[in-house]
Amino acid sequence: MKRGIRRSIMMAMGLFGLLGCAGTPPTNLGVHNGMLKECPASPNCIASQTENPQQRINPFAFTDDPTAAFSRLQETLASRKDTTIIEARPDYLRVEFRTALFVDDGEFLLDRDHQVIHVRSASRLGYSDLGKNRARMEELRQQFEISLKNP
């Protein structure tokens, strides 16, 4: 009996420890001089405005009205169970992406002149994300493109 109680206590402690993997929300995100924040050197960040080829991802392109495209993106993000919109402005979105244990921060910046939406996604904790941020953004890109075909 004592062994079962001890095991339950250890499991509960482990679970509480893992819940702490969400990390603290960053305070320095947003748009600075028309750009999203640069990625750190760690491989757990991807961005469309970086020159680093390992972290570079293409922005989301669109051909329709910029305001309509950005609205579609916001609807796509709002429909995802793993995504919470934290900040929404006419040309900027900040979201939290949640996995079972971790929280990643995503940002989207509308570039009306070039008909693209710049993206950035970074893990709050750890060094590597095992490609999760890139895979999620590519999945979002597909959902965004499908939303244009199926309004």
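The values are calculated or read from the model by the stated rules, or taken from the named source; none is laboratory data. A quick note: this is a predicted structure, and the numbers were derived from the prediction, not measured. Here the Cβ positions follow ideal geometry from the backbone for every residue, glycine too, while neighbour counts run over all protein chains shown.
The table for this structure:
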{"quantity": "Residue match in the range 82-89 (condition: within 13 Å of the chain's Cα centre (by Cα) and under 22 Å from Asn33 (Cβ atoms))", "calculated": "yes"}
{"quantity": "Filter result (part of a loop (DSSP other than H, G, I, E, B) and either modelled with pLDDT of 95 or more or of a type in the set (Gly, Ala, Ser) (or both)) within the range 103-136", "calculated": "Arg112, Asp113, His114, Gln115, Gly126, Ser128, Gly131"}
{"quantity": "Unmet criterion (only one of (1) out of contact with any Pro (no Cβ under 8 Å at 6 or more places or on another chain); (2) in contact (Cβ under 8 Å) with a residue 40 or more places away in the chain; (3) part of a helix (DSSP H, G or I)) for Phe70", "calculated": "(1)"}
{"quantity": "Candidate set: the range 44-59, residues that are out of contact with any strand residue (DSSP E or B) (no Cβ under 6 Å at 6 or more places or on another chain) and closer than 17 Å to Asp111 by Cβ; chosen: the one surrounded by the fewest Cβ atoms within 10 Å (Cβ to Cβ)", "calculated": "Glu51"}
{"quantity": "Odd one out for Asn150 among (1) at pLDDT 95 or above; (2) on the phi < 0 side of the Ramachandran plot", "calculated": "(1)"}
{"quantity": "Search result, residues across the range 104-133 that are surrounded by fewer than 18 Cβ atoms within 10 Å (Cβ to Cβ) and either out of contact with any helix residue (DSSP H, G or I) (no Cβ under 8 Å at 6 or more places or on another chain) or among the hydrophobic types (A, V, I, L, M, F, W, C) (or both)", "calculated": "Asp111, Asp113, His114, Leu125, Gly126, Tyr127, Ser128, Leu130, Gly131, Lys132"}
{"quantity": "Subset of the range 60-74 (residues that are under 15 Å from the mean Cα position of the chain (by Cα), under 18 Å from Glu96 (Cα atoms) and either among the charged types (D, E, K, R) or surrounded by 18 or more Cβ atoms within 10 Å (Cβ to Cβ) (or both))", "calculated": "Leu73"}
{"quantity": "Verdict on Thr24 being farther than 13 Å from Arg136 by Cβ, part of a loop (DSSP other than H, G, I, E, B), hydroxyl-bearing (Ser, Thr, Tyr) and in contact (Cβ under 8 Å) with a residue 60 or more places away in the chain", "calculated": "yes"}
{"quantity": "Qualifying positions in the range 78-102 - closer than 15 Å to Lys132 by Cα and either of a type outside the set (Asp, Glu) or assigned to a loop (DSSP other than H, G, I, E, B) (or both)", "calculated": "Asp82, Thr83, Phe97, Arg98, Thr99, Ala100, Leu101, Phe102"}
